[in-house]
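To start, the structure itself, in structure tokens.
What follows is calculated from the coordinates using simple rules that are stated; it is not laboratory data. Computed from a prediction, not measured in an experiment: that's the story for all the values here. A quick note on method: Cβ atoms are made from the backbone with ideal geometry, for glycine too, and the neighbour counts reach across all protein chains shown.
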Amino acid sequence: MSRTPVATRRVEQDWDGRHPLHGMPPGPGAVVVNSNDYLALARHPRVLKAMSATLNADGNDTLMSGVFLNGDHPQLCLEADLARHVGAPAGILCQSGWAANTGLLQALAEPGTPVYIDILAHMSLWEGARNAGAALHRFRHNDIGHLRRRITDHGPGIILVDSIYSSDGSTCPLGQVADLTDEYGCVLVVDESHSLGTHGDRGEGMTAAAGLSNRVHFQTASLSKAFAGRAGFISTCEESFTGYLKMRSHPAVFSSTLLPHDIAGLAETLTVIRQDTWRRTRLAEIAARVRAELSGAGMDLHGSASHIVSLEGGDERQTMALRDALEQRGVFGSVFCPPATPRTRSLVRLSLHAALTDTEVAHLITTCLTCRPT
């Protein structure tokens, strides 16, 4: 066996000695679409003011597991407010979207529980089901017929989907999945990470906007996307489940809870998201224009129906070349490669946001057409 470390061989052979995720630094005037700050709230003055005021007043005062919080603690108040926002009876804040999904599956599934998961669902859902020892049954992306056959073969269980899939921006047929859930007596978990804040009249996400909150048992979300924060969220179909999860989920039990300034920032962000409807309108307009012009020119956007647009490059070396070509022309997206994608289907993801100008959008479209993969 070679004494050369596997990592070194991989870097030299597959990446030409470079790192697939590290390209050029953006220069002046660059179109930067590599962040999940879809509503351009990361530097909103009201959010920053709320965070700084709380940090000055309270410091990092809550260094304990969230299971110990009770009464009218600000985190519990925010949990209730977020739950109302998505049309659910109760909610739970977690350290991250990863912790939300892995902790929820740990609380829901037992060894051998059938879990049906879309092949493009977020890796945290896969990891949570594996950690629980569940019987994982993947189904083809958005293929309701295949999901039905899986459930027929293995019996009622837990269905895991994303409302918007993070790699290609495609959207889940939530109504059809909910119908199947009801028909077979399953439990439905929808990851709303990429639609919470961006969809619905008040940013309530795709599930609530479609009137499905009472048919989706659990909604989860990373609040590091449109909320531009540092936390995860789970909405629950039963208020009593919150206490159970906080005692059952290892991320909840064995990690410190959110800090006061994080809670204050998220609470203010929720208010801004509800009020600034123009941000969602602008984002939807930008996304529709980009998708229409790129697909109209013959580019395969792999079913994107959202503000996430991906250009598939091929293997890692080919995708690095695509990234370099885009960056040389001033467009900066994010490379997605293994373990986020298959080895031969790495991509450059463009995360559109509400602060893009018409000029920047036009330049992005022209650049994508110029650099399109062959």
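Amide H contacts of VAL187 (H built 1.01 Å from N, in plane; Pro and chain starts excluded): GLY157, ILE158, ILE159 sit under 5 Å, all sequence-distant by 5 or more or on other chains. The H on the amide N of ALA305, modeled in the peptide plane, is under 5 Å from the matching H of SER170, THR171, each at least 5 residues off or on a different chain. In the chain, the sites counted are trypsin sites (Lys or Arg not before Pro) in DSSP loop states with at most 11 other Cβ atoms within 10 Å, and the longest stretch holding none of them, exclusive of the sites, is 44-374. Backbone geometry of the range 160-167 corresponds, through the Karplus equation with coefficients 6.51, -1.76 and 1.60 at θ = phi - 60°, to 3J(HN,Hα) couplings of 10, 9, 9, 6, 10, 7, 5, 7 Hz, x marking Gly and Pro.
As a length-normalised measure over Cα pairs under 8 Å and 6 or more apart, the relative contact order of the chain settles at 25 percent.
For ASP72 and GLN328, the difference between the fully extended length at 0.36 nm per residue and the C-alpha to C-alpha distance is 86.9 nm.
Taking the three principal axes of the alpha carbon atoms in the range 155-273, the coordinate ranges are 44, 33, 26 Å, sorted in descending order. Projecting the Cα atoms of CYS186, LEU301, LEU160 onto the charge dipole of the chain (Cβ charges, centred on the Cα centre) puts LEU301 farthest toward the positive pole.
Fully extending the segment from ARG230 to THR370, taken as 0.36 nm per residue of separation minus the present Cα-Cα distance, adds 46.8 nm.
For ASP72, what charge total do you get from the other residues with a beta carbon under 14 Å from its beta carbon, if Lys and Arg give +1 and Asp and Glu give -1? Each step should come with its number before you reach the end.
Details: positive: none; negative: GLU79, ASP81.
Its environment carries a net charge of -2.
Between ARG248 and GLN318, the contour length at 0.36 nm per residue exceeds the Cα-Cα span by 20.8 nm.
Can you give me the relative contact order of the range 51-167 as a percent, contacts being Cα pairs under 8 Å and 6 or more apart? Don't jump to the answer; show the numbers that get you there.
Working: 128 pairs, mean separation 24.7, N = 117.
Worked out over the range 51-167, it gives 21 percent.
Simple spin-label estimate for THR277 and HIS146 gives 3.9 nm between the two label positions (7 Å along the Cα-to-Cβ direction from each Cα). When mean projected area of the Cα convex hull in nm² is computed from the coordinates, the matching label among (i) 29.8; (ii) 17.4; (iii) 20.5 is (iii).
Over all other residues within a Cβ to Cβ distance under 11 Å of SER334, the charged ones net out to +2, with Lys and Arg as +1 and Asp and Glu as -1. Only beta bridges with both residues in the chain are counted; by DSSP, about 55 percent of them are antiparallel.
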